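Heads up, the thing below is written out as structure tokens.
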Amino acid sequence: MYKDILTSVSKPSRYIGQEINSVVKDLSKVKTKVALLFPDTYEIGMSHLGLKILYAILNGMEEVAAERAFVPWLDLEGVLTKRGLSIVSLESSLPLREFDILGFTLPYELCYTNILTALALSDIPLFSSERDERYPLVIGGGTAAFNPEPVADFFDAFLLGDGEEGIVDIIHAYNAWKVSRMPRESLLLELSKIEGVYVPSFYEVQYNSDGTIHAIQPGDGIAAQVKKRIVEDLDRAPYPASPPLPYMQAIHDRLTIEIARGCTHGCRFCQVGITYRPVRERSPEKILEIIDNSLKNTGYEEVSLSSLSTGDFACLSHILTSLVGKYGEEHVAFSLPSLRIGTLTPTVIDQVTDSKNTSFTLAPEAGTERLRKVINKEMDEGTFETTVDDVFRKGVKSIKMYFMIGLPTEDSEDLLGIITLAKKAKDIGRRYGKGGRDITVSVSTFVPKSHTPFQWYGQTTRDEIAGKIDYLKEGLRKIGVSFKWHKREMSYLEAVFARGDRRLGKVIEAAWRSGCRFDSWTESLDFHKWEDAFKQCGIDPDFYAARQIPAEEILPWEHLSSGVTKNFLITEYKRAIGSRIIPDCRYGSCPNCGVCDMDAVRGKKAEGIRPIARRPEDTSEVRSQKQEVKSNKTRNSKPEIRNPIKVRVRYSKTGDMRMLSQLEVMTTVARALRRAQIPTSFSEGFHPHPKISFGPALPVGMESVCEYMDVELTRPLSPAKFKEDINRCLPEGLGVLRIKEIPYNTPSLNSFILFYAYEIKLPPPTSPLLKGGWGDFIDLSDLGELWTQRVVEKDGRKVLREINARPFIEEIKWTGKDTLFLLLKSHDKECCRPSDVINALFKVMPNELGVRIRRTGLYGKIDGAVISPDEMIRKIVTV
């Protein structure tokens, strides 16, 4: 029933469980059931690496079952509320209330209303104080957990810092409490003893008359400060080599490999640069091992080497050389996140563009050298120009440049500097071809974040930000540079909650009850409702976002430690005012930020929190692997096949797979071919893709037993072997039925197929959803024009299109009391859908009645005879 609902909702609401590599356990045989809930849509959540890491760790524990859940988009929430249905997990469709633990990821502040949606739709009380042993334990973790105070009243506990070890300790504590049958408070007490775990109910916040905090008082026996959890060595930390493979496209639809955690640059606006300290890099050997296993298990065609500052990884060039050499012939591309200028060398540019024709993102952050010193981000403008020239010389067509506006001490010269740098890049691009190269400048508004040297600075007002955006918009337009900016209302709300305290919980609840959802989505944010919520609760949001906070004031997150001392942050605050920089601690002297165990740093003890930074000489094993790859290539090289091989594949699409679009089926099949190691041919050029040609698209929600695709191979492969290997790698519901080699010049499927046969299963005529039954018709001559409407996309907008279904109907007849046979034909290279016919005949939408439609045949014409694609092959071969 839940899956049937998904056929009638918008794309952000659609998702399908049972993905490749998902883990489904017998819930009756585990001690603890954990729901990992991402407070956004499936396409966003499935891009989040932290969720995949925790999923792998928990399911690796025999006594634990971890399942995933996501917040439904607005239309699906409405349907669930109307029908009284709960959010359920992807793996077993279990309602969230029936889990033992709900683990929320907190990736950003603008997801807070979605948390309340998830709890309410699951019939779980919003406030921790209202939940007892009958309800799941609600915990949170992630970047926003370093100041969780605005949502503290909704959670039982938070985990600060790295989750790999902390989540295991939480499970053990929960299982011990479950056996003890003690009150819920005893569980919270045990959790508070775990390093990195913060239980808000054990801390009382006292306020002064002016609204500032007077004190944060821990309960008896509770630590005055909670210190974040740190994984000492990433090589020893578990990493998912078999992450669930989404059928539907995620925002970052690629394999993400975290090569390092933490950063040594100390940008003063950057929260993760503080909270992820110290820097810990994986060894090159471990990185290559993870990539190799992950590609075998997923079939991804792109790998992203991810970290806060990937260019600083000393072994990066050696790793890229090894990867491109090993996977280049398999057409696996490698990408890097935005790079610090000075680390994007010609060698790295060559290695990345050899695997993928891509654009590059550079992040100067500020327009002038003065302001870059304020934020502690050095950039030599000569190096900037050289880097841009190196990128364009390689044939790259576009560069994105990222800046922040509203930074502390920013003035008009700094804004002009953004335009000046963009113009320099544009001028360099003109050296390379007529029309030059595309430059895009993207800006976001500075948001003061907790645990940073800039946490005391107020945010620039929205009116001032609007003026800065208008200035940049006009200046960049004049030089022909594209311009994008972050919505200022979003940045304002983010600042409110980034520096907020517990009093904001009632504002979040009020905004949620007024309808606020998905506030990080431009099309969903309703800022007026937020303004009303602040007024309703008697709270001035400027108190949190715009106010300059004295250094001696108690901050809402004062009792939560990132490991970096307050004295260090204050010193950095003063250095910023004086435009003084501090060196990268990877190469310079230690700035004594407080996060490291100095005895471990000085080598006085073997274990302890310390930086782990690799050196170029650490790549000896990588170099030997490169030689082995080169040797294997020479030894295993095969002569080119003069006559390419093409096979026609008939496959079925049933069950949950009916929810996939044609593009999603194509991606699923292409990745299955990779995992099955089918020798598929690729196209030439900058964007090589597998040579697979699919037949006419099947509308979402319909089943089929007669879909076709043509696949080109690089070498002969027996149909039986092909079928066995590909079916082993395809999900249930997608299955290859028949494979036949065809002449290379066989007409394409789309040029041949003209007729489409369907079996339509209708509900009984007595269904209360029907008005007057199905009626009775046999003769097509009885049918006049059959007009209906369908929502279509036009120029990015949804519009109603009028369709006359009659010219497309070749045959229609009853084959049972509730079953129709429908044969449609192409007319002027178009064809309607079966749902159009049903709607035109009976004035109902099939998805509203549970109508099941299955495609049973595809046909074309040869010499006047209507035949299937399989029969076409026999005729061509005979001729």
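The values are calculated or read from the model by the stated rules, or taken from the named source; none is laboratory data. All values derive from a computational prediction rather than experimental measurement. Here Cβ is always computed from backbone atoms with ideal geometry, including for glycine, and neighbour counts include all displayed protein chains. Areas reflect the complete protein model, heavy atoms only, side chains present, ligands, DNA and RNA absent. Shrake-Rupley method; radii C 1.70, N 1.55, O 1.52, S 1.80 Å.
Quick notes on this one:
One line per residue, one yes/no per condition, for (1) over 19 Å from Pro107 (Cα atoms); (2) touching a residue at least 60 places away in the same chain (Cβ under 8 Å):
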site	(1), (2)
Glu410	yes, no
Ile419	yes, yes
Lys423	yes, no
Ile428	yes, no
Phe446	no, yes
Gln459	yes, yes
Tyr471	yes, no
Glu474	yes, no
Lys478	yes, no
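- Tabulated pairs, the range 162-179, first within 20 Å of Arg134 (Cβ to Cβ), second in a helix (DSSP H, G or I), C-beta under 6 angstrom, 6+ apart or interchain: Ala173/Glu190; Ala173/Leu191; Trp177/Leu187
- Cβ-Cβ under 7 Å pairs, at least 6 apart or on other chains, the range 343-363 side in contact (Cβ under 8 Å) with a residue 40 or more places away in the chain and open to solvent by less than 30 Å² (accessible area, probe 1.4 Å), far side of a type in the set (D, E, K, R) and part of a helix (DSSP H, G or I): Ile349/Asp390
- Ser209 satisfies every condition listed in (1) surrounded by fewer than 20 Cβ atoms within 10 Å (Cβ to Cβ); (2) under 37 Å from the mean Cα position of the chain (by Cα) except (2).
- Residue check, Leu849 at pLDDT below 80 and open to solvent by less than 40 Å² (accessible area, probe 1.4 Å): yes
- Residues in the range 122-153 that are in a loop (DSSP other than H, G, I, E, B) and either within 26 Å of the chain's Cα centre (by Cα) or touching a residue at least 60 places away in the same chain (Cβ under 8 Å) (or both): Ser122, Leu126, Pro136, Gly142, Asn147, Pro148.
- Within the range 691-734, the residues that satisfy the criterion of being outside any loop (DSSP other than H, G, I, E, B), over 24 Å from Gly857 (Cβ atoms) and free of Cβ contacts under 8 Å to residues at least 24 places away in the same chain are Ala720, Lys721, Glu724.
- Filtered residue count, the range 170-183, keeping only those that are surrounded by 15 or more Cβ atoms within 10 Å (Cβ to Cβ) and touching a strand residue (DSSP E or B) at 6+ places or on another chain (Cβ under 8 Å): 4
- Looking across the range 528-547, the residues that are assigned to a helix (DSSP H, G or I) and in contact (Cβ under 8 Å) with a residue 24 or more places away in the chain come down to Trp530, Ala533, Phe534, Gln536, Phe543, Tyr544, Ala545.
- Of residues in the range 120-163 being in contact with a Lys or Arg (Cβ under 7 Å, 6 or more places away or on another chain) and surrounded by fewer than 18 Cβ atoms within 10 Å (Cβ to Cβ), the one nearest to Gly84 (Cα to Cα): Asp123
- Scope the range 279-298; condition buried (at least 22 other Cβ atoms within 10 Å of the Cβ) and in a loop (DSSP other than H, G, I, E, B); matching residues: Val279, Arg282
- Odd one out for Ala511 among (1) under 26 Å from Ile375 (Cβ atoms); (2) open to solvent by less than 30 Å² (accessible area, probe 1.4 Å): (1)
- Residue ID - modelled with the lowest pLDDT, chosen from residues in the range 746-780 that are touching a strand residue (DSSP E or B) at 6+ places or on another chain (Cβ under 9 Å), open to solvent by 50 Å² or more (accessible area, probe 1.4 Å) and in a loop (DSSP other than H, G, I, E, B): Ile778
- Of the numbered criteria (1) β-branched (Val, Ile, Thr); (2) at pLDDT 95 or above; (3) open to solvent by 20 Å² or more (accessible area, probe 1.4 Å), the one Val700 fails is (2).
- Being under 27 Å from Pro690 (Cα atoms) and at pLDDT 90 or above holds for only one residue in Val332, Val374, Val388, and it is Val332.
- Residue match in the range 565-580 (condition: part of a loop (DSSP other than H, G, I, E, B), of a type outside the set (Ser, Thr, Tyr) and open to solvent by less than 30 Å² (accessible area, probe 1.4 Å)): no
- Within the range 469-491, the set of residues being open to solvent by less than 30 Å² (accessible area, probe 1.4 Å), in contact with a strand residue (DSSP E or B) (Cβ under 8 Å, 6 or more places away or on another chain) and either within 20 Å of Asp532 (Cα to Cα) or among the charged types (D, E, K, R) (or both) comprises just one member, Ser491.
- Where a residue in the range 592-611 is surrounded by 13 or more Cβ atoms within 10 Å (Cβ to Cβ) and its partner, wherever it lies, is among the small types (Gly, Ala, Ser) and part of a helix (DSSP H, G or I), with Cβ under 6 Å and at least six apart: Gly608/Ala600; Arg610/Ala600
- Test for Leu737: is it over 32 Å from the mean Cα position of the chain (by Cα), at pLDDT 95 or above and aliphatic (A, V, I, L, M): yes
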